[in-house]
Amino acid sequence: MTESAQTTHEVEIDHSNRSTTPQTGAFLDYISSHWADRPETIPAAWPVAPYAARRRAALGALFPGERLVIHAGAMKQRSNDTFYPFRAHSAFAHLTGWGAESEPGSILVLDPAGDAHEATLYFRERAGRDSDEFFANPEIGEFWIGARPSLAQVAGALGIRTAPIAEFAADERDRVVGHGAVEADGAGTGDDENLARAASELRLVKDGFELAEMQAAVDATARGFEDVLAALPQASAHARGERIVEGVFNQRARLDGNTVGYETIAASGPHACTLHWIRNDGPVLDGDLLLLDAGVELDSLYTADITRTVPVSGAFSAVQRRVYEAVLEAADAARAIVRPGIRFGDVHDAAMAVIERRTREWGLLPEDDGTAYHRRYMVHGTSHHLGLDVHDCAQARREMYLDGVLEPGMVFTIEPGLYFQPDDLTVPEELRGIGVRIEDDIVVTDDGCINLSAGIPRTADEVEAWIRDAQA
Ligand code: GLY
Ligand code: MN
Ligand code: MN
């Protein structure tokens, strides 16, 4: 790989129509001079550093004698010369501890050294004022994107040896993972399946640093939910009230210095029956339910994933409450069985048993012939692992994940729902257009579990009181 713009973003950009900076020798001399010295402060190692070192050691132990190359990835093009905000590959963030501040195009290399591996982090550091890049390069120039850390500063913060990206040389024997991975000739490669799987499975059990971050992400998410409840009258008064809901939640994330871990789902009325409704352009009407599925992501890149379904008016109707309480019962039944030693799939089965029982009691299902007819009203799974990715550990083997056995330190959601589509002729009219999901973030402990989101009201009565308090 060569040191080119493509190390930081995925496409070549032609700036020729927009480049107006003078390029004469006199100008270059002038703009490169008369800058005050900047003392370089080297930060103390971040708290994540020892955790990330242990993660690297654990991964390396699975690949003795092999060189492992983990790319942060490149910036993704949105259109022409605009890009999505950079977000490092989760394996890279996990193994370096470098989150929101990480640099596009960075590469972590674990080189075999004796029985273990030695880590080097390659990245393209800031352009010095002896180059023209600091003022003329919109991708990496300090005048354009702000100050970037030096190699020594990153080495100090993360406790990893650092080196200029130009010193990185790919080798065909490397095991490579991370989007933006490219071969020496510039051609794209897929991830090494074994390394991707191992890096994903390494995250199935969270360490102490991760658990603290996830609790903080949940707490920050709770603040966003409260702001939304306070803004419900404002949302009801707007033709696109769902936009108000999304905007208020995301604003709380930004005001607290955070971002969101996935597109906020602000689904009111029948939109709640669309599982991943992110268009958020509908009204928020009195008498309807609002399903808000949202999660704050911290600088460390850990995210929460919480859903609450609330009555816009402040009070559930009788039929809304009946559906709500069935979903809550499913969630509670699932959480009640969580402890080390059970199968991940058992959690789903426990929730589904309640969903089936209730929908059968309500007369919605055909005669029982062993078919899971109730899944018409909840087509998604009850749980997924959660962490750096909202759907974390996605490359883990089935026997480690879906068919895997729970261990202390695993974090996953419990999120049953009932969704009665507005045009579903199998349900009475009073149910049509009602969608309810309740989603909590659960950590497995030595003898059971903790609900990280237990502090966010869950029962129908608590939810009504929560709305009253938020609007008081
Ligand atoms: N927010 C997406 C999900 O709950 O899985
Ligand atoms: Mn979820
Ligand atoms: Mn969710």
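A few remarks follow.
- Flag for R343 being in contact with a Ser or Thr (Cβ under 9 Å, 6 or more places away or on another chain) and within 15 Å of S383 (Cα to Cα): no
- Candidates are the residues of the stretch 294-322 that are open to solvent by 10 Å² or more (accessible area, probe 1.4 Å) and touching a Phe, Trp or Tyr at 6+ places or on another chain (Cβ under 9 Å); the one that is nearest to ligand 1 (Cβ to nearest atom) is E297.
- Qualifying positions in the stretch 300-316 - in contact with a strand residue (DSSP E or B) (Cβ under 9 Å, 6 or more places away or on another chain) and either farther than 14 Å from G435 by Cβ or within 13 Å of ligand 2 (Cβ to nearest atom) (or both): T303, A304, D305, I306, T307, R308
- Filtered residue count, the stretch 355-382, keeping only those that are surrounded by 12 or more Cβ atoms within 10 Å (Cβ to Cβ) and within 16 Å of ligand 1 (Cβ to nearest atom): 4
- Check on A315, of a type in the set (A, V, I, L, M) and outside any loop (DSSP other than H, G, I, E, B): no
- When restricted to residues that are open to solvent by 10 Å² or more (accessible area, probe 1.4 Å), farther than 24 Å from P149 by Cα and not in a strand (DSSP E or B), the stretch 58-108 contains 9.
Residue by residue, here is whether (1) β-branched (V, I, T); (2) outside any helix (DSSP H, G or I) holds:
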| residue | (1), (2) |
| --- | --- |
| E213 | no, no |
| A216 | no, no |
| G224 | no, no |
| A239 | no, yes |
| I244 | yes, no |
| N250 | no, no |
| R254 | no, no |
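Quick grid of which residues meet (1) out of contact with any helix residue (DSSP H, G or I) (no Cβ under 6 Å at 6 or more places or on another chain); (2) at pLDDT below 95:
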position	(1), (2)
I13	yes, yes
A36	yes, yes
A44	yes, no
G60	yes, no
G65	yes, no
Y84	yes, yes
L95	no, no
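- Residues (within 13 Å of ligand 2 (Cβ to nearest atom) and open to solvent by 80 Å² or more (accessible area, probe 1.4 Å)) located in the stretch 383-403: H391
- Subset of the stretch 446-458 (residues that are within 14 Å of L292 (Cβ to Cβ) and either under 19 Å from the mean Cα position of the chain (by Cα) or within 16 Å of ligand 3 (Cβ to nearest atom) (or both)): S453, I456, R458
Conditions (1) open to solvent by less than 40 Å² (accessible area, probe 1.4 Å); (2) outside any loop (DSSP other than H, G, I, E, B); (3) under 30 Å from D115 (Cα atoms), marked per residue:
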| site | (1), (2), (3) |
| --- | --- |
| I13 | yes, no, no |
| S16 | no, no, no |
| Q23 | no, no, no |
| W35 | no, no, no |
| A53 | no, yes, yes |
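- Residue pairs whose Cβ atoms lie under 9 Å apart, separated by 6 or more positions or on different chains, with the first residue in the stretch 409-427 and away from ligand 2 (no atom under 12 Å from the Cβ) and the second acidic (D, E) and open to solvent by 10 Å² or more (accessible area, probe 1.4 Å), are G409/D207.
- Single residue of the stretch 404-445 satisfying the filter (in a loop (DSSP other than H, G, I, E, B) and within 16 Å of ligand 3 (Cβ to nearest atom)) that is surrounded by the most Cβ atoms within 10 Å (Cβ to Cβ): P416
- Matching residues, the stretch 226-283, being open to solvent by less than 10 Å² (accessible area, probe 1.4 Å), within 16 Å of ligand 2 (Cβ to nearest atom) and closer than 20 Å to Y84 by Cβ: F249, T264, I265
- Any hit, the stretch 287-308, residues being touching a residue at least 60 places away in the same chain (Cβ under 8 Å), in a loop (DSSP other than H, G, I, E, B) and of a type in the set (S, T, Y): yes
- Test for F134: is it under 30 Å from H15 (Cβ atoms), open to solvent by less than 10 Å² (accessible area, probe 1.4 Å) and out of contact with any strand residue (DSSP E or B) (no Cβ under 9 Å at 6 or more places or on another chain): yes
The values are calculated or read from the model by the stated rules, or taken from the named source; none is laboratory data. Keep in mind that this is a model prediction, so the values were computed, not measured. So basically every Cβ, Gly included, is an ideal-geometry build from the backbone, and we count neighbours across all protein chains shown. The accessibility values were calculated without ligands, DNA or RNA, using every heavy atom of the protein model including side chains. Shrake-Rupley method; radii C 1.70, N 1.55, O 1.52, S 1.80 Å.
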